[in-house]
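Taken together, the values in this text are just the output of simple stated rules run on the coordinates, not laboratory data. Being a predicted model, the structure only gives us computed values, none of them experimental. Don't worry about glycine lacking a Cβ; one is built from the backbone with ideal geometry, like all the others, and counts go over all protein chains shown.
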Amino acid sequence: AQSVTQLGSHVSVSEGALVLLRCNYSSSVPPYLFWYVQYPNQGLQLLLKYTSAATLVKGINGFEAEFKKSETSFHLTKPSAHMSDAAEYFCAVRTPTGRRALTFGSGTRLQVQP
Amino acid sequence: DGGITQSPKYLFRKEGQNVTLSCEQNLNHDAMYWYRQDPGQGLRLIYYSQIVNDFQKGDIAEGYSVSREKKESFPLTVTSAQKNPTAFYLCASSADSSGSADTQYFGPGTRLTVL
């Protein structure tokens, strides 16, 4: 079975500062990994996904994530935070075979201070 | 516009009542999913369906039921057996191509409150 751990339920950064949201996964086979963003009282929107093609994945809104197999990590970064980035972020995993549904981490709420 | 619609946006239920949450998609996706979201717990899978007339229990299926009679519709019934149904419910769908990392697209959610 696969699982995801997101370190830090709340992260606060200043506008213009680096954003780093941490995600570690556990999977017995090479996984697919996803980052989603959720604004208050809305559904989830895909930011980016890793499908084994390239370890550095670029997504929407200037976000990117790097797959590091040796560290079982898929951390999300953005060089310069914007006020509009304030939201909740979820890391998710699934395997190429078996259940298609995603297994989610518990989420990280990002605050951006002016 | 293609997408996933969920209704109602807010739903109030008295204890002991069954309620049904609607989920419709016009993306022509084969697979559909129901997740439950509670503060600090992320999303947990209730039920999923990879094809019409077939569905499987997820991790927290007790107290819930679903049907998949049409490709575009996947309603969720929260029964009186669900002990703590107050939560935010999210429906999703994906193309479900074999072996590929198809994106799951999410609806806007239904917030259920038990009075």
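How much space per residue, in cubic angstrom, does the convex hull of the C-alpha atoms of region B:48-114 take up?
Spelled out: Cα convex hull of region B:48-114, divided by residues, is 100 Å³.
Which whole-number percentage describes the relative contact order of chain B, with Cα contacts under 8 Å and a sequence gap of 6 or more?
Values: 292 pairs, mean separation 39.9, N = 115.
That works out to 35 percent.
Considering only C-alpha atoms, what is the centroid distance from region B:32-109 to region A:67-105, in Å? One Cα centre to the other: 20 Å.
Could you tell me which GluC sites (Glu not before Pro) in region A:6-87 are loop residues by DSSP with no more than 12 other beta carbons within 10 angstrom of their beta carbon?
Values: sites: A:Glu15, A:Glu64, A:Glu66, A:Glu71; in loops: A:Glu15, A:Glu71.
Here the sparse-neighbourhood loop sites are A:Glu71.
Within a Cβ distance under 14 Å of A:Ser3, other residues only, what is the Lys/Arg minus Asp/Glu net charge? Net charge in that neighbourhood comes out at +2. Under a Gaussian network description of chain A, with springs only between Cα atoms under 10 Å, the residue in A:Tyr39, A:Tyr50, A:Tyr25 that fluctuates furthest is A:Tyr39. As a rough footprinting exposure proxy, the listed residues A:Met83, B:Met32 were ranked by other beta carbons within 10 Å of their own, and the order from fewest upward is A:Met83, B:Met32. The C-alpha atoms of region A:52-114 occupy a region whose extents along the principal axes are 44, 23, 21 Å, arranged from largest to smallest.
Just want the ordering: A:Cys91, B:Cys91, from fewest to most Cβ atoms lying within 10 Å of their own Cβ.
Numbers: A:Cys91 30, B:Cys91 27.
Ordered by Cβ neighbours within 10 Å, fewest first: B:Cys91, A:Cys91.
Under the criterion of Cα pairs below 8 Å and six or more residues apart, the relative contact order for region A:26-114 equals 28 percent.
Hey, how much of the P(r) for chain B falls beyond 19 Å, as a percent of Cα pairs? Every Cα pair in chain B considered, those over 19 Å come to 41 percent.
Treat the count of other C-beta atoms within 10 Å as a stand-in for reagent exposure and order B:Leu90, B:Leu21, A:Leu56, A:Leu44 from fewest to most. Could the numbers behind the result be given before it?
Details: B:Leu90 25, B:Leu21 22, A:Leu56 9, A:Leu44 28.
Listing B:Leu90, B:Leu21, A:Leu56, A:Leu44 from fewest to most nearby Cβ atoms yields A:Leu56, B:Leu21, B:Leu90, A:Leu44.
In the protein assembly as shown the Cα-Cα distances spread across 10 Å bins starting at 0 as 8, 33, 35, 20, 4, 0 percent of all pairs.
What does the average come to when, for each residue of peptide B:101-109, you count the partner chain Cβ atoms lying within 10 Å of its Cβ?
Working: counts 12, 5, 4, 10, 4, 7, 3, 4, 5.
Neighbouring Cβ atoms belonging to other protein chains average 6 per residue here.
Taken over region A:3-100, the ratio of Cα radius of gyration to 2.2 N^0.38 Å equals 1.06.
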